[in-house]
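Peer 1: Structure provided below as structure tokens; questions to follow.
Derivation of every value follows stated rules applied to the coordinates shown; laboratory data play no part. All of these numbers come straight from a predicted model, not from anything done at the bench. Methodologically, a virtual Cβ is constructed for each residue, glycine included, from the backbone with ideal geometry; neighbour enumeration extends over all protein chains shown.
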Amino acid sequence: MICVFFGNRDTPDSARNVLYDTVSKLITERNAVEFYVGNNGNFDRLVLSVLKELNNKYPYIKYYIVYAYLPQKDGENFLHTIYPEGIENVPKRFAIDFRNKWMLTRADIIVTYIRNKFGNSYKLSVLAAKKGKTVINIYQNNS
């Protein structure tokens, strides 16, 4: 079972507890073992911190940061990272959209933090639901 994450860049840190509980249940109750997350914004940062913590508790899970662009920082750690095949041919302005759709095609479950019915995360959640994927919006549980 593969789980991916899409959410608002400005997701508050207070969402971390609901996120932790949601991902824990996906591991223990739905047999989720592989997780993909981007690297743009606070939601992705929160997801990554939860996945690192849960990997200590459940060492059999795998998690990956999926890059839209190759990192430019010196000394960047490439442990737990994926760069989607074919993205090198995508113009930079479309790279995040390409990455997100690449993640979506692999997903069984999508966990989101979406407050409004607009924006890329919302569009991806609607597309996921149309494709019959399970979509869990933790914003509803965090308000």
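Peer 1: Quick one: which of 113-119, 128-134, 99-105 comes out on top by average Cβ neighbours within 10 Å, and what's the full order, highest first?
Peer 2: Going by the mean number of other Cβ atoms within 10 Å, highest first, we get 99-105, 113-119, 128-134.
Peer 1: If I take every Cα pair under 8 Å that is 6 or more residues apart in the range 5-142, average their sequence separation and divide by the length, what percent do I get for the relative contact order?
Peer 2: 28
Peer 1: Same structure, new question: For a quick check: sort Val4, Val47 by the number of other beta carbons within 10 angstrom, fewest at the front.
Peer 2: The fewest-first ordering by Cβ neighbours comes to Val4, Val47.
Peer 1: Also, quick follow-up: Please find the FRET efficiency linking Arg30 to Glu88, where r is the Cβ-Cβ separation and R0 is fixed at 35 Å, and quote it to the nearest 0.05.
Peer 2: For Arg30 and Glu88, the calculated efficiency is 0.55.
Peer 1: Also, quick follow-up: What per residue convex hull volume, in Å³, comes out for the chain when only alpha-carbon positions are used?
Peer 2: 115
Peer 1: Then there is this: I'd like the Karplus ³J(HN,Hα) series for the range 13-28: coefficients 6.51, -1.76, 1.60, θ = phi - 60°, whole numbers in Hz, and an x wherever there's a Gly or Pro.
Peer 2: 4, 5, 6, 4, 5, 5, 4, 4, 4, 5, 5, 4, 5, 5, 6, 7
Peer 1: Do any GluC sites (Glu not before Pro) in the range 1-106 lie in a loop, going by DSSP, with at most 12 other beta-carbon atoms within 10 Å of their beta carbon, and if so which?
Peer 2: Glu76, Glu85
Peer 1: Please compute the modelled spin-label separation between Leu70 and Asp97, points set 7 Å along Cα→Cβ, answer in nm with one decimal.
Peer 2: 2.4
Peer 1: In nanometres, what is the gap between the two model label sites at Tyr139 and Asn120, each 7 Å from Cα along Cα-to-Cβ?
Peer 2: 1.6
Peer 1: Along the charge dipole of the chain, Cβ charges K/R +1 and D/E -1, which of Ile138, Cys3, Tyr58 sits furthest on the positive end?
Peer 2: About the Cα centre, the residue reaching furthest to the positive side is Ile138.
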